[in-house]
Amino acid sequence: MSIKTDITHLPGWMKVPLPHGTDYSMVKNVIVQHGLNTICSSGNCPNKGECWSAGTATFMILGDQCTRNCRFCYVKALMPELPDPDEPDKVARSIHLLNLKHCVITSVARDDLEDGGANHWAQTILKIRELNPGITMETLIPDFNNKRVLLDILIREKPEVISHNIETVERISPKIRSLATYKKSLQVLSYISQSGVITKSGFMLGLGETEVEVIQTMDDLLNNGVHILTIGQYLPPSEVHAKLVEYVKPEVFKKFKSIGLEKGFRYVESGPLVRSSYHAERHIHVKP
């Protein structure tokens, strides 16, 4: 990849339309009324307008304060409050009000909790299914420090897709991730895949990675059982976060999509505006 793009100005391909429409307003109102968190807002996602206008959202449970301090992430790094025991029911009722057929649930890392929040996760999944029969679900999870007993709690609930992001190439990973490691994430993904569930991961471009490193990351993910891959552009949340090295051009993303599909991924989302849950409803049709 060539670092030729002017990083002082947002390129045209990164600009998104302003949010609009009754569906956008409905999603926003339901989230506010129920006091819920979404990664759309907490993660400052550029696709919030598109997704909310289509009546979809990615719900973030276990609060909006993370026990880790990753240098790429917009989510606040503070000691969280105790989990809200009513949150599983609030999320389930919100999904019901929005009449969703597919939902994505994610969470902050909760290293302060003995179970990392795994049982809260399980309760949330149960409540969602109880109130929304027939719904399909993707769970975008932290690494739970690769504790198999905690991963098993989620795996037993059998969400259609379990996702965990590798975030970046191995060389850059220690520079931008807090506590999480490249090797640990691969181990988590491998264990999930061995359970038979559709397994998904993603990483960002624009942090100074090379093409060789990107392809190696693809191979590492494939060799650890990942079926679905997402690749998107890194955008610094603030001046104190990891610096942007390059706005990667759309044709480079297209190239990596072709390479990923040729290598054997069942589905690849690759583009400047792609984020983990982008077009997530399409991923449930993949066969593990």
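None of the figures in this text is laboratory data; all of them are computed from the coordinates on show. None of these values were measured; they are calculated from a predicted model. Glycine gets a Cβ as well: all are built from the backbone with ideal geometry, and neighbour counts include every protein chain shown.
Remarks
- Set of aspartates and glutamates with alpha-carbon distance to Lys76 below 16 Å, sequence-local pairs under 8 removed: Asp64, Asp111, Asp112, Glu239
- Shown in residue order for region 114-125 are the 3J(HN,Hα) couplings computed by the Karplus curve 6.51 cos²θ - 1.76 cosθ + 1.60 at θ = phi - 60°: 4, 9, x, x, 4, 6, 5, 4, 4, 5, 5, 4 Hz (x for Gly and Pro).
- Burial ordering of Tyr247, Tyr234, Tyr74, fewest other beta-carbon atoms within 10 Å first: Tyr74, Tyr247, Tyr234
- Residues Val188, Val245, Val91, sorted so that the one with the fewest Cβ neighbours within 10 Å comes first: Val245, Val91, Val188
- Pairwise label distance in nanometres, Thr181 with Glu114, each label 7 Å out on the Cα-Cβ vector: 2.7
- Flagged links, alpha-carbon separation over 20 Å, of Lys184/Lys255; Lys200/Lys243; Lys101/Lys158: Lys184/Lys255; Lys200/Lys243
- Inter-probe distance in nm under a simple model that places probes 7 Å from Cα toward Cβ, at Val240 and Leu82: 2.9
- Ranked Arg129, Arg156, Arg110, criterion: other C-beta atoms within 10 Å, fewest first: Arg156, Arg129, Arg110
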